[in-house]
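Report on the structure given below.
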Amino acid sequence: MRAFEFTALPWNIIFGAGALARLPEVLDRLGCARALVLATARQREDAARVVAILGRRAAGSFTDVAMHVPVETIARARTEAARLAADCTVSIGGGSTTGLGKALKLEAGLAHVAVPTTYAGSEMTNIWGKTEGGHKLTARDVRVVPAVTIYDPELTLGLPPHIAGPSGINALAQAVVNVCARDDNPIVTLMALEAIRILARSLPAVVRSPRDLAARTEALYGACLAGAALGSGTTGLHHRLCHTLGGSFDTPHAETHTILLPHTVAYNAAAVPEGTRRVAAALGVADAAAGLFALARQVGAKTALRDVGFAAADLDRAAELATAQPCPNPAPVTRAAVRDLLGAAWEGRPPRL
Ligand code: NAD
């Protein structure tokens, strides 16, 4: 066995149907008394429910969360937290909402309890991000790992299939890149392979029967493990491309991951044959890239960049931006090869090995 290094992140997880009811106990345990509840406008009802559960421990709510954590949103939420004398935040929602909780921890020191309602997995990572003037900055900092994460699968029952499918494949991507990494780590791989097995079997069931609590529970657990793999593991060309397309061309986050994943897996397959084989085995298919492409179709997700508003005229520029800085990745990253990959993904062609 190879030598390796592993640093655990300070995760505290409460997982189970109905777990949201434990919020008051969680705040008491943290020594917090006045929570600012964070949500998107679309999830105002979820925020109101959290406020009701918190009772006197709720200072108020901020339901103006935006994608990619704009600095203006951080500033407004910070002002609101100060006005209400909040001493912590409770975020309820997807990666965008968790992201605001992380930013407020970093910039205002507010303890953060995360209640994820998608499969983005951000709550398990030490990665934070914010956007300023159209540029997205991301970095790792252990302080942004939420003080406690409450996973309540009942909250995901209303997540519509068209969001659930790509969101679940976004989670899969975090696991897959860590199994197909040059410096793969045995503990991270353990979590990642289990995440792949669980997500591959639960996502089709979630999309077929959105109210299936058993499938929802499995998918949320798979997302938790995938986020753990990303948090304690690595990234490479796949995340570089998603970051470039989302940050500079405003493509939707989970859909971009879903479209690119089969292509980035095919790109690296020859460089990491054993990892790629293990991903295929966990998916229960002969070929990992083809299997991921088929899974995306099975869950009804888009498989072409041209279908998510990305213009063909931007392909060259995207390849240039993505390769402007060195990118640690199993296979060498060249502008020409990346341009080919993006071209195939734009058309929605099956991945080429
Ligand atoms: P999102 O948070 O933007 O949510 C998408 C939409 O779904 C929102 O309108 C939200 O309100 C709605 N929604 C969420 N849960 C719902 C539910 N249960 N029922 C109905 N509607 C619901 O999307 P996302 O894909 O979860 O997160 C994407 C963002 O997270 C990106 O900005 C990405 O960069 C970030 N992210 C960060 C990390 C990290 O480690 N830092 C990891 C993954 C994603």
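A short reminder: the numbers here are calculations on the coordinates, not readings from a lab. A quick note: this is a predicted structure, and the numbers were derived from the prediction, not measured. Here the Cβ positions follow ideal geometry from the backbone for every residue, glycine too, while neighbour counts run over all protein chains shown.
What ratio of Cα Rg to 2.2 N^0.38 Å holds for the chain?
Its radius of gyration relative to the 2.2 N^0.38 Å reference: 0.95.
In what sequence do TRP11, TRP128, TRP346 fall when counting other Cβ within 10 Å, fewest first?
The most exposed by this proxy come first: TRP11, TRP346, TRP128.
Name the residues whose placed amide hydrogens come within less than 5 Å of the amide hydrogen of ASP64, ignoring near sequence neighbours (fewer than 5 apart) on the same chain.
Residues meeting the criterion, in which the H sits 1.01 Å from N, are ALA39.
Once phi is turned into ³J(HN,Hα) by the Karplus curve 6.51 cos²θ - 1.76 cosθ + 1.60 with θ = phi - 60°, what whole-Hz value does each residue of the range 186-198 show in order, with x for glycine and proline?
x, 6, 5, 4, 4, 5, 5, 5, 5, 4, 4, 4, 5
Once you put a point 7 Å from the Cα of ARG297 and another 7 Å from the Cα of PHE15, both along the Cβ direction, what distance in nm separates them?
3.2
Residue farthest toward the positive end of the dipole of the range 81-217, with Cβ of Lys/Arg at +1 and Asp/Glu at -1: which of VAL179, ALA108, ALA81?
VAL179
What span do the alpha-carbon atoms of the range 169-226 cover on each of the three principal axes, reported in whole Å from largest to smallest?
That works out to 39, 15, 13 Å along the principal axes.
Taking only the alpha-carbon positions of the range 172-320 and ignoring solvent, what does the Debye formula give for the base-10 log of I(q)/I(0) at q = 0.19, 0.21 Å⁻¹?
-1.17, -1.36
Using just the helices of the chain, give the 222 nm mean residue ellipticity in deg cm²/dmol: DSSP H runs with n ≥ 4 each add -39,500 (n - 2.57), and the total is spread over all residues, rounded to 500. Intermediate results must be reported in sequence, preceding the final value.
On the way: 13 runs with 180 residues, N = 353.
That comes out to -16500 deg cm²/dmol.
If the label point is 7 Å along Cα→Cβ of ALA214, which residues in the range 1-42 have backbone nitrogen under 16 Å from it?
Residues 17 fall inside that zone.
How many nm is it between the label spots at ARG182 and ALA108, if each spot is 7 Å from the Cα in line with the beta carbon?
Using points 7 Å along Cα→Cβ, the separation is 4.2 nm.
Which FRET efficiency, nearest 0.05, do ARG49 and VAL285 yield, Cβ-Cβ r, R0 35 Å? List each step's numbers first, then the result.
Working: r = 40 Å, r/R0 = 1.13.
Once rounded, the FRET efficiency stands at 0.30.
When a/c is below 1.5 the answer is rounded, else prolate if a/b is larger than b/c, else oblate, so apply that to the range 249-299 with a ≥ b ≥ c taken from the square roots of the Cα gyration tensor eigenvalues.
oblate
Under 22 Å Cα to Cα from LYS136, which lysines show up? Leave out anything in the same chain fewer than 8 places away.
Straight-distance partners of LYS136: LYS102, LYS105.
Using a Förster distance of 22 Å, how high is the FRET efficiency between VAL71 and ALA139, based on the Cβ-Cβ distance and rounded to 0.05? Mind dumping the intermediate values first?
Values: r = 14 Å, r/R0 = 0.65.
The computed FRET efficiency comes out at 0.95.
Kindly identify the range 8-154 as rounded, prolate or oblate by the Cα gyration tensor criterion: order the square roots of the eigenvalues as a ≥ b ≥ c, call it rounded if a/c is under 1.5, otherwise compare a/b with b/c, prolate if a/b is larger, else oblate.
rounded
Taking amide H atoms as placed 1.01 Å from N in the peptide plane, list the residues 5 or more away in sequence, or in a different chain, whose amide H sits under 5 Å from that of ALA111.
THR89
Only counting other Cβ atoms within 10 Å, I'd like ARG49, ARG57, ARG211, ARG143 sorted with the fewest neighbours first.
Fewest-to-most ranking of ARG49, ARG57, ARG211, ARG143: ARG211, ARG143, ARG49, ARG57.
Percentage of Cα-Cα pair distances in the range 103-252 greater than 20 Å, rounded to whole percent?
50
If you take the beta carbon distance between ARG306 and ARG277 as r and set R0 to 35 Å, what does 1/(1 + (r/R0)^6) give as a FRET efficiency, to the nearest 0.05?
0.65
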